[in-house]
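Since the structure comes first, as structure tokens, the remarks are kept for the end.
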Amino acid sequence: MEDLLKVFKQDKGEIVALKDFNLDLADGEFVCLLGPSGCGKTTVLRIVAGLETKSGGHVFVNGKEVSGAGPDRGVVFQEFALFPWRTVRRNIEFGLEIKNISAEEREAVSSKYIDLVNLEGFENVHPHQLSGGMKQRVGIARALANDPAVLLMDEPFGALDAQTRNLMQKELLRIWSATKKTVLFVTHSVDEAVFLADRIVLMTARPGKVKKTITVDLPRPRERTSADFISIRSDVLQVLDAEFEKTMMRERSDVGVEHKA
Amino acid sequence: MKSIIRVAKEGVIRHWRRIFLSTLSIALFVIVWQAYAWYLNANDPGYAGFIPYPGETAEAFIDSFVTEDPTGLLMTDHIFASLKRISLGFLLAFAIALPAGLLMGSNRICEALGMPIVEIFRPIPPLAWIPIFLVVLGHLWGPVAIVFLGIFFPILFNVMLGVKRVDPLLIDAARTLGAGRRHMFFKVVLPFTTPYVMTGIKVGLGIGWMCIVAAEMVGQYGGGVGYYIWNRGEFGHYDYVFAGIAIIAILGILTTGVASQVERRLYIWMGMK
């Protein structure tokens, strides 16, 4: 996949959230987008997903420019966003129903992904009966069932407790290596980014652009306590801390500036 | 396992306590009624006829099903006539309010076009139309039209509310899964709105019963429980008037009960409960 990304967005009051944001994702690559809150990382993801309009620039998926949401880009939401009236299986089959795929084929596909995310036995259960981790398994399976070119994940484990979160990170890597999907993963957790990513893209705040790209060249499964892990982690933190301080400074001065504007 | 059994037992106890308290509540009401009827008979016999004893009312209740009233009808005929009007009014209101609510909830132009008319007609009590509807539309469709107005607005407003409250996150999710306008409507908006529709129906049915009684009291032909109450009142048969009132109460409870059951089944079927 050739995914060139250049996005430019202006909010009301002419706040430039993103400017000259460029990012390419290689086929099958796992990229984490990391930055201080309000740096526009979620905005990047929502623009790629087609959920938010861009004020300039282009998004390409497999060399084709995309505009608006579409099933070629699967999204996993932090709040799961499952349809409460649909069972696990019917949630996963949602995209297939829209594609007018026959019932037998739908069942074959959904069974495949139910197996992949380890939800056997919960096919006919409704979301409210599931734990957070299991809900997100459904969310991942639902996005994958459409066989998207890229999987966009917006802090997908942000609503989970620490243990479940670690487990789900391992599960995601297993699912990723099984499906070989390109993943764009938004997070504010340095630990999560170093654990998951091939490449970590650090963003500057307002206007958001790529500040630094750090390649994580560690074999998986990664050991959080290993020296290499900790060293990369501190590299990332250093860049992030500098950016965070700048944001704080700006926010302080913004209080005066924004009233005038 | 043990704890499950204990919970089940507690559930049963709570259930029986509930039944006991409900029975007690009704028993207390009947006792107060009986006492008041005694009091009137002893101290104010002139008014005693208006408040018959509970026993007399019960007798009248049973008698209304077996003996023809002054108009030559049995209570079952009246119940049938009222149910027919309520059903027609309800079906018409539902058939129009549901699509209108969906349309006005999802389309700004439709809302802007519809709201002024809705706001003009909504505050008018449906009963204000009695003099016109009963003359123009007759003894069947006149009351039906009044019931229709009573049921229409609660359904319309609840459906509109439901459509407007559709979780934007679910809209986002559906969009990324490839849903266009048609799929969004049938696979997201409509199922999301269903509980709101049911609330509208329940509120509407309650108002419907209030309307039907008043509409029938004025109407003179074709029977109906409202008409029965009015007619018996003119003859001074107050025990039968009370029996008619009890019938209305029971019918109201039954129809709302049926709606609640439908709602419960619907929620279970949709997996929302």
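Readers should treat all values here as calculations from the given coordinates under stated rules, not as data from a laboratory. On a predicted model such as this, the values are computed, not experimentally measured, just so you know. Don't worry about glycine lacking a Cβ; one is built from the backbone with ideal geometry, like all the others, and counts go over all protein chains shown.
Multiplying the residue separation of residue A:125 and residue A:178 by 0.36 nm and subtracting their alpha-carbon distance yields 16.6 nm.
Using a cutoff of 8 angstrom between alpha carbon atoms and counting only pairs six or more residues apart, the relative contact order for chain A works out to 26 percent. The charge dipole of the protein assembly as shown, taken about its Cα centre with unit charges on the Cβ of Lys, Arg, Asp and Glu (plus for the first two, minus for the last two), comes to roughly 960 debye. Sparse packing (at most 14 other Cβ atoms within 10 Å of the Cβ) combined with a DSSP loop state is found for the following GluC sites (Glu not before Pro) in region A:105-180: A:120.
Name the aspartates and glutamates eligible as straight-distance cross-link partners of residue B:202: C-alpha to C-alpha under 13 Å, and not fewer than 8 places from it in the same chain. Result set, ordered by chain and number: B:263.
Of A:212, A:181, the sequence from fewest to most neighbouring Cβ atoms within 10 angstrom is A:212, A:181. In loop segments of region B:62-124 as defined by DSSP, the GluC sites (Glu not before Pro) with at most 11 further C-beta atoms inside 10 Å of their C-beta are B:68.
Averaging the sequence gap over all C-alpha pairs within less than 8 Å and six or more residues apart, then dividing by the number of residues, gives chain B a relative contact order of 22 percent. In sequence order, region A:85-100 has phi-based couplings of 8, 10, 6, 3, 4, 5, 5, 5, 7, 3, x, 6, 4, 5, 6, 6 Hz under the Karplus curve 6.51 cos²θ - 1.76 cosθ + 1.60, θ = phi - 60°, and Gly or Pro positions carry x.
In the structure displayed, which of B:84/B:187; A:181/A:209; A:99/A:181 lie more than 32 Å apart, Cα to Cα? Long pairs (Cα-Cα over 32 Å): B:84/B:187.
Based on Cα contacts under 8 Å between residues 6+ apart, region B:28-123 shows a relative contact order of 12 percent.
The charge dipole of chain B, taken about the Cα centre with unit charges on the Cβ atoms of Lys, Arg (+1) and Asp, Glu (-1), comes to about 1940 debye, rounded to the nearest 20. Charges were assigned to the Cβ only: +1 to each Lys and Arg, -1 to each Asp and Glu. The resulting dipole of region A:124-212 about its Cα centre is roughly 260 debye.
Annotation note: chymotrypsin sites (Phe, Trp or Tyr not before Pro) in region A:179-261 located in DSSP loop regions with a Cβ neighbour count of at most 12 within 10 Å are absent. With neighbour counts taken as other beta-carbon atoms within 10 Å, the residues A:157, A:122 rank, fewest first, as A:122, A:157. Legend: helices of chain B (whole DSSP H runs) are marked when their alpha-carbon atoms reach 24 angstrom or more along the helix axis and their mean Kyte-Doolittle hydropathy is at least 1.0; marked are B:75-106, B:130-164, B:190-218, B:238-270.
May I ask you to list the residues of region B:175-194 whose amide nitrogen lies under 13 Å from a point 7 Å from Cα along the Cα→beta-carbon direction of residue B:165? Counting only backbone N, you get B:192-194.
Per-residue Cβ neighbour counts within 10 Å put A:172, B:161, B:113 in the sequence B:113, B:161, A:172, beginning with the fewest.
For residue B:56, neighbours were defined as the other residues whose beta-carbon sits under 15 Å from its Cβ, and their charges (Lys and Arg +1, Asp and Glu -1) total -2.
Taking 20 Å as the limit for the C-alpha separation, the pairs A:41/A:212; A:112/A:180; A:135/B:164; A:19/A:212 exceed it in the case of A:135/B:164. Springs join every pair of Cα atoms under 10 Å in this Gaussian network model of chain A, and among A:134, A:249, A:168 the largest mean-square fluctuation is at A:249. Here the protein assembly as shown is treated as a Stokes sphere of Kirkwood radius computed over C-alpha pairs; at 37 °C and 0.692 mPa s its diffusion coefficient rounds to 115 µm²/s. Counting charges near residue A:122 (Lys, Arg +1; Asp, Glu -1) among other residues having Cβ under 11 Å from its Cβ returns a value of +1. Over all other residues within a Cβ to Cβ distance under 14 Å of residue A:170, the charged ones net out to +2, with Lys and Arg as +1 and Asp and Glu as -1.
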